[in-house]
Amino acid sequence: MRAYPGSVFLADCPARLAIEIIADKWAVVVLFALSRRPCRHGELTALIGGISRKVLTQTLRRLQGYGLVDRHAEGGKVEYVLTDLGGTLVKPIAVLTEWAHEHGAAVVGFREPATD
């Protein structure tokens with residue numbers, strides 16, 4: 001593991017910002033959806049089950065504020081696309097997704113109450 005100056009316990013540590021971004025319930029899902037191709041708002045809503053239009057809008061604005069997503073308006077149509085910086089998160093998201101596939105059942109097993 002690489003050593004970084006500072007500590008995740010310090011308020012200004014870059015790792016805390018990264019954790020803040022990926023800890024958002026919908027941010028990782030939106031970033032992963034946009035890694036496939038640019039999408040319009042309605043396409044993202046349909047693609048991502050369970051997200052409301054309002055929450056999607058808030059998530060996209062937050063990701064734009066971090067410089068991870070761009071909003072392109074052309075000819076009355078708006079599309080969202082990953083920035084180069086946003087694209088750097090695709091690989092870590094894929095690693096987390098792989099972990100979830102491998103260990104998700106075990107985590108769910110611990111969370112479910114035992115039935116006897």
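Computed from the coordinates by the stated procedures, all read-outs in this text should not be read as laboratory data. As the structure is a prediction and not an experimental result, all values here were calculated from the model. Cβ atoms come from the backbone with ideal geometry, glycine included; neighbour counts cover every protein chain shown.
Kirkwood-type hydrodynamic radius, the stretch 66-116: 14.1 Å, calculated from all non-identical alpha-carbon pairs.
Note on V107 and E43: the extension gain reaches 19.9 nm, defined as 0.36 nm multiplied by sequence separation minus the Cα-Cα distance. Computed on the Cα atoms alone, the convex hull of the stretch 6-72 gives a volume of 91 cubic angstrom per residue.
Taking trypsin sites (Lys or Arg not before Pro) as exposed when DSSP calls them loop and at most 11 other C-beta atoms lie within 10 angstrom, the chain has its longest site-free stretch at 26-116. Only helices enter this figure: runs of n ≥ 4 DSSP H residues, each worth -39500 (n - 2.57), summed and divided by the residues of the chain, yield -17000 deg cm²/dmol at 222 nm to the nearest 500. Both radii were evaluated on the Cα set of the chain; the Rg over Rh quotient, with Rh as the Kirkwood radius, amounts to 1.05. For the stretch 34-86, taking Cα atoms only, Rg and Dmax work out to 10.5, 29 Å respectively.
Using R₀ = 25 Å, calculate the FRET efficiency as 1/(1 + (r/R₀)^6) where r is the Cβ-Cβ separation of V95 and V55; round to 0.05. With R0 = 25 Å, the Cβ-Cβ based efficiency is 0.50.
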